[in-house]
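Before any comments, here is the structure.
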Amino acid sequence: MGLDQPISVALIGAGNRSQKVYKPLINEIKPWVNLVAVCDPIRENADSLAESLGVPAFYDIKELVKSRPMEAAFVVTPVPSHHSIAIYLMSNGINVNVETSMATLLVQAQEMVDTARDNDVILRIGENFFRQPFDRLIRLINQDGFIGPIKRLTCWHDHTGYHNNSRWLSFFQSYPIAAQAITHTMPTADHYQMPHRLFDNETYKAHFYWFPNNELVIDHAGNIKSMLGRYPRPGYTELAGARGSIVQQAGKKNAAKQPYQGWEGLGEVRYCSDESLQQHGKSGVADQVFPIVHSSDNHDWLSSHVDLPTGRVEYVNPHRPGKSAYHHGNYYSAAVMDHIIDFAETIRLEKKSEYTDQDALMAMMMEVATRDSAIKNGERLSLPLKGESESDVLMRTKQRQEYGVDPLDVEGMLAIKFPRP
């Protein structure tokens, strides 16, 4: 499988994610992608990655575009740089796949979509959370109809924000009509969530999204890294159907050093039989439980399924990145590979993408709407947003002070090296 003519791609950014996620996948995606260059202003990073991949190194994006060995680019750089790099590349007729999140400002995201249209190129955002095992399977279970129509989705302590917004767009296959949010910040003991990130507080976010057809998402989380004894990822997710639920939650292990199952968690379908619904005093207790099973060969995620009375519901993973590309879990690299192949086939085969730039723009709008709602003490806001976002104004001012240029100034932002000293 693959393309008769793989797309030629330059990898923009030679940092941690390019090294740990993209580099191990290069051989596996060759039927769809021919990597032709690496570009990073930090010369040692560019040289090291380019040498290991056997391609030329560039240190300036303008020199790369001038040489133009590629028709497309993977932009794997810090989020504040996404807008300027994507706009510059697309303005020069180059297709772009940008890592998440799409941008820092909604106005940037809108300009990225508009620039793609104006220059007749493909813009995609490399979102992979909805491509992972549980999410792939829940859509099929919903289509099966065994637990009845699902109208409410509650997600606690997994991942609020852009990633989860994309998941809910994918599940409901529609755009929300309203958003609402509240936040709560409390002081905590000093703790490191990551080696370079010291925190002395914790913010809890509760996001609410109303979708058409009386569908509601309640998405809330505090410290998703499970620091300070908080509930570990993947948290608890419950999809409420008319006579049952689909559930995913953290599963405990016995090992003292690794007490929890990991990101994939434990899943099951809970069902209320006719007998349960007719019991007086205990009516509606889920008396049938069907476990969700994720299968692997110790290297690759192979499939996910649940055996229901209506038959087996199964998603078979088409991608096998292999042991060399293992990252986080045996499903993560497969999900990244999935969005890369989607991007390549959209360009070469002109197929409909599973996650379009308009979808990505809506995921960004959902995040901005919740920021605005929190500022307005939980006011419910209609979507799509109209006019200038209050939180965008505040963030744009903050970034202007931090970078010394307007974050919408493409040339000014291109001149900034990330990470900054």
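Search region 272-301 for residues being over 23 Å from Gly145 (Cα atoms) and modelled with pLDDT of 90 or more, and hand back the single one that is nearest to the chain's Cα centre (by Cα).
It comes out as Trp301.
What do you reckon, is Val368 modelled with pLDDT of 95 or more, in contact with a helix residue (DSSP H, G or I) (Cβ under 6 Å, 6 or more places away or on another chain), buried (at least 21 other Cβ atoms within 10 Å of the Cβ) and part of a strand (DSSP E or B)?
Considered against the rule, which asks whether it is modelled with pLDDT of 95 or more, in contact with a helix residue (DSSP H, G or I) (Cβ under 6 Å, 6 or more places away or on another chain), buried (at least 21 other Cβ atoms within 10 Å of the Cβ) and part of a strand (DSSP E or B), Val368 comes out as no.
Determine whether region 373-382 contains at least one residue that is within 16 Å of Thr100 (Cα to Cα) and among the hydrophobic types (A, V, I, L, M, F, W, C).
No: zero hits.
Give just the number: which of (1) within 25 Å of Leu385 (Cβ to Cβ); (2) assigned to a helix (DSSP H, G or I); (3) not charged (D, E, K, R) does Leu228 not satisfy?
(1)
Which residue out of Ala37, Ala86, Ala103 is touching a residue at least 40 places away in the same chain (Cβ under 8 Å) and crowded, with 22+ Cβ neighbours inside 10 Å? Let's see the steps before the verdict.
Details: Ala37 fails: touching a residue at least 40 places away in the same chain (Cβ under 8 Å); Ala86 fails: touching a residue at least 40 places away in the same chain (Cβ under 8 Å).
Every option except Ala103 fails the conditions.
For region 191-238, which positions are in contact with a helix residue (DSSP H, G or I) (Cβ under 6 Å, 6 or more places away or on another chain) and at pLDDT 90 or above?
The answer is His207, Phe211, Glu215, Val217, Asp219.
Cβ contacts < 6 Å: first residue within 20 Å of Leu408 (Cα to Cα), restricted to region 109-137; second residue of a type in the set (Phe, Trp, Tyr) and surrounded by 20 or more Cβ atoms within 10 Å (Cβ to Cβ), any location; separation 6+ or different chain. Result?
Arg124/Phe343
Is region 137-155 home to any residue that is touching a strand residue (DSSP E or B) at 6+ places or on another chain (Cβ under 8 Å), within 29 Å of Glu390 (Cβ to Cβ), of a type in the set (A, V, I, L, M) and in the same structural domain as Gln399 (by TED's automatic domain parsing)?
no
Go through (1) outside any loop (DSSP other than H, G, I, E, B); (2) farther than 30 Å from Thr203 by Cβ for Leu153 and report which single condition fails.
Result: Leu153 fails condition (2) only.
Against the conditions (1) touching a strand residue (DSSP E or B) at 6+ places or on another chain (Cβ under 6 Å); (2) within 26 Å of Asp338 (Cβ to Cβ); (3) surrounded by fewer than 22 Cβ atoms within 10 Å (Cβ to Cβ), where does Asp47 fall short? Just the number, please.
(2)
Hey, any hits in region 384-391 for a residue that's part of a loop (DSSP other than H, G, I, E, B), in contact with a helix residue (DSSP H, G or I) (Cβ under 6 Å, 6 or more places away or on another chain), closer than 22 Å to Asn142 by Cβ and at pLDDT below 95?
Checked against the condition, which is being part of a loop (DSSP other than H, G, I, E, B), in contact with a helix residue (DSSP H, G or I) (Cβ under 6 Å, 6 or more places away or on another chain), closer than 22 Å to Asn142 by Cβ and at pLDDT below 95, region 384-391 yields no hits at all.
Would you confirm whether or not region 11-25 contains a residue that is part of a strand (DSSP E or B) and touching a Lys or Arg at 6+ places or on another chain (Cβ under 9 Å)?
Yes, region 11-25 contains at least one residue that is part of a strand (DSSP E or B) and touching a Lys or Arg at 6+ places or on another chain (Cβ under 9 Å).
The values are calculated or read from the model by the stated rules, or taken from the named source; none is laboratory data. Keep in mind that what you see is a predicted model, and the values were worked out from it rather than measured. All Cβ positions, even for glycine, are placed from backbone atoms using ideal geometry, and neighbour counts span all protein chains on display.
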